[in-house]
Structure formats: structure tokens, C-alpha cells
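Structure first, then comments.
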Amino acid sequence: MPGPKDIRMLPFGAGTRHCPAMGLGLVHVRLLLAALVRAFQWAVPATGAGGAPVDLTEVDGFVKHMKTPLMARITPRT
């Protein structure tokens, strides 16, 4: 990607060519996250949760992703 190297991620573009639906997309992400938090109980899984630090390292590529996925025990709220 040409340009300054300090820009790490531009999911909606920048400048005059930015995504016109950026605001709508961000609102949808916020609503989806709120719905997931409301509908489910979230907990650390029993295996491997002995107080070990979480590995937050990322793998570089076209799409960044975590080297070690985050694990959670998700159960529906009753």
C-alpha cells in the first residue's frame, strides 16, 4: 500500500474516496455486539484458563488475525 507506513488499517478508506456507508456499518457493529452481550453469558473456558496470560500477538497478511484465537464459553441466557 503506497503512502505513509504509520497507517496500519483503513477498513473504510480515507479522504475523498472513503466508504459512504461507514457510519451505518459502525452502528450495525455496535448493535450486533450489544445483542450478543444481551443474549448470551460469556465466560472463560475451563480448559487452559488457569490464570495464563492471553496471547495477543497478530499474524500479518492481507487480513490481520490473532496467532492464538481467543476462547470463550458462550451459553444462552434464560
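Determine whether Pro4 is more than 17 Å from the chain's Cα centre (by Cα), modelled with pLDDT under 80, assigned to a loop (DSSP other than H, G, I, E, B) and surrounded by 10 or more Cβ atoms within 10 Å (Cβ to Cβ). So that I can check it myself, show each step before the final result.
Numbers: more than 17 Å from the chain's Cα centre (by Cα): yes; modelled with pLDDT under 80: yes; assigned to a loop (DSSP other than H, G, I, E, B): yes; surrounded by 10 or more Cβ atoms within 10 Å (Cβ to Cβ): no.
No.
Sort out which residues of segment 10-19 are hydrophobic (A, V, I, L, M, F, W, C) and at pLDDT 80 or above, and write them in order of number.
Correct list: Cys19 only.
Count, please, the residues in segment 20-43 that happen to be closer than 15 Å to Pro76 by Cα and either among the β-branched types (Val, Ile, Thr) or modelled with pLDDT under 95 (or both).
The initial filter retains those residues of segment 20-43 that are closer than 15 Å to Pro76 by Cα, namely 33-43.
Cutting the leftovers down to either among the β-branched types (Val, Ile, Thr) or modelled with pLDDT under 95 (or both) gives us 37, 42-43.
Of the residues in segment 20-43, 3 are closer than 15 Å to Pro76 by Cα and either among the β-branched types (Val, Ile, Thr) or modelled with pLDDT under 95 (or both).
Assuming Thr57 fulfils every condition listed in (1) under 30 Å from Leu10 (Cβ atoms); (2) modelled with pLDDT under 85; (3) not hydrophobic (A, V, I, L, M, F, W, C) apart from one, which condition is it?
In the conditions (1) under 30 Å from Leu10 (Cβ atoms); (2) modelled with pLDDT under 85; (3) not hydrophobic (A, V, I, L, M, F, W, C), Thr57 misses (2) alone.
Is there any pair linking a residue in segment 36-57 that is basic (Lys, Arg) to one that is part of a loop (DSSP other than H, G, I, E, B) and modelled with pLDDT of 75 or more, with Cβ under 8 Å and at least six apart or on different chains, and which?
Arg38/Arg77
The values are calculated or read from the model by the stated rules, or taken from the named source; none is laboratory data. The structure presented is a predicted model; accordingly, all values stated were derived computationally and were not measured. Because the Cβ atoms are built from the backbone with ideal geometry, glycine has one as well, and the counts that use them run over all protein chains shown.
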